[in-house]
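> Once you've had a glance at the structure underneath, I'll fire off some questions.
The values are calculated or read from the model by the stated rules, or taken from the named source; none is laboratory data. What you see is a predicted model; the values in this text were computed from it and never measured. Glycine gets a Cβ as well: all are built from the backbone with ideal geometry, and neighbour counts include every protein chain shown. To get the accessible areas, we keep the full protein, side chains included, count just its heavy atoms, and leave off ligands, DNA and RNA. Shrake-Rupley method; radii C 1.70, N 1.55, O 1.52, S 1.80 Å.
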Amino acid sequence: MDDWVIWLIFAVILGVAEIFSVTAALGVLGGAALVTAGAAAVGLPLTGQLLVFTVVSTIGVVLVRPIALRQLQRPQRERFGFDALIGKPATVLTEVSELDGRVRLAGEEWTARAFDGTLVIPAGEVVDVMEVQGSTVLVYPREGPWKSPPP
């Protein structure tokens with residue numbers, strides 16, 4: 001088997017291993033093996049191939065890996081799914097208490113409960129979504145007169 005094929009197989013194995021490890025180190029080594037496969041394909045002897053692999057992998061680990069890790073560890077800028085609803089305004093459709101209620105949120109009707117269990121929020125009030133629990137949103141009033149639940 002030719003040397004370049006062995007380096008190519010090595011590059012693929014390291015690339016697949018990187019998918020499962022998410023450390024960026026194996027991906028850099030896989031890239032170095034891919035460059036070395038190219039060097040072997042043009043006829044570089046084994047010692048030269050090892051030198052190319054060493055130099056490219058060292059450069060990759062020192063320069064590329066820190067950049068890749070910063071990109072992987074960057075906080076998510078946008079919220080998606082239920083997390084995107086937190087902080088959004090909603091309009092109370094039926095009185096919201098600690099037990100039940102309905103709100104219109106993002107054009108849809110949701111089951112709601114008061115985030116503060118001592119509040120009863122009347123219909124028509126504007127509330128903010130504080131938390132999402134399954135298909136129920138926990139809401140807190142923005143402003144206005146609220147009443148405590150009856151004794």
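One line per residue, one yes/no per condition, for (1) small (Gly, Ala, Ser); (2) over 30 Å from Met1 (Cβ atoms); (3) under 35 Å from the mean Cα position of the chain (by Cα):
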| residue | (1), (2), (3) |
| --- | --- |
| Thr58 | no, no, yes |
| Asp83 | no, yes, yes |
| Arg102 | no, yes, yes |
| Ala106 | yes, yes, yes |
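> Could you grab me the full set of residues in segment 1-52 that are without any contact (Cβ under 8 Å) to a residue 40 or more places away in the chain, in a loop (DSSP other than H, G, I, E, B) and among the aliphatic types (A, V, I, L, M)?
Those that are without any contact (Cβ under 8 Å) to a residue 40 or more places away in the chain, in a loop (DSSP other than H, G, I, E, B) and among the aliphatic types (A, V, I, L, M): Met1, Val42, Leu44.
> While we're here: Would you pick out the residues in segment 34-47 that are over 14 Å from Ala11 (Cα atoms) and either at pLDDT 95 or above or not small (Gly, Ala, Ser) (or both)?
Val42, Leu44, Pro45, Leu46, Thr47
> Go through segment 98-118 and report how many residues are open to solvent by 20 Å² or more (accessible area, probe 1.4 Å) and either among the aromatic types (Phe, Trp, Tyr) or part of a loop (DSSP other than H, G, I, E, B) (or both). Can you show your working first?
Step one: list which residues in segment 98-118 are open to solvent by 20 Å² or more (accessible area, probe 1.4 Å), which gives 98-100, 102, 104, 106-111, 113, 115-118.
Keeping just the survivors that are either among the aromatic types (Phe, Trp, Tyr) or part of a loop (DSSP other than H, G, I, E, B) (or both) gives 98-100, 106-107, 110, 115-118.
The qualifying residues number 10.
> Suppose we filter segment 89-127 for residues that are of a type in the set (Val, Ile, Thr), in contact with a Lys or Arg (Cβ under 8 Å, 6 or more places away or on another chain) and within 11 Å of Leu138 (Cα to Cα); how many remain?
Narrowing segment 89-127 to residues of a type in the set (Val, Ile, Thr): 91-92, 94, 96, 103, 111, 118, 120-121, 126-127.
In the following step, the residues that additionally are in contact with a Lys or Arg (Cβ under 8 Å, 6 or more places away or on another chain) were identified as 91-92, 94, 96, 111, 120, 126-127.
Narrowing further to those that are within 11 Å of Leu138 (Cα to Cα): 96, 111, 127.
Adding up the residues that qualify gives 3.
> If I go through segment 119-140 residue by residue, how many of them are under 28 Å from the mean Cα position of the chain (by Cα), at pLDDT 90 or above and assigned to a loop (DSSP other than H, G, I, E, B)?
Residues meeting the conditions: 0.
> Somewhere in segment 9-25, is a residue closer than 30 Å to Pro141 by Cα and open to solvent by less than 100 Å² (accessible area, probe 1.4 Å)?
Taking segment 9-25 and keeping what is closer than 30 Å to Pro141 by Cα, we get none.
No.
> Being exposed (fewer than 14 other Cβ atoms within 10 Å of the Cβ) and either in contact with a Lys or Arg (Cβ under 7 Å, 6 or more places away or on another chain) or in a loop (DSSP other than H, G, I, E, B) (or both) is the filter here; which residues of segment 53-88 pass it?
Arg74, Pro75, Gln76, Arg77, Glu78, Arg79, Phe80, Gly87, Lys88
Residues checked against (1) within 22 Å of Phe80 (Cβ to Cβ); (2) of a type in the set (Ser, Thr, Tyr):
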position	(1), (2)
Val92	no, no
Glu98	no, no
Thr111	yes, yes
Val126	no, no
Gly134	yes, no
Tyr140	no, yes
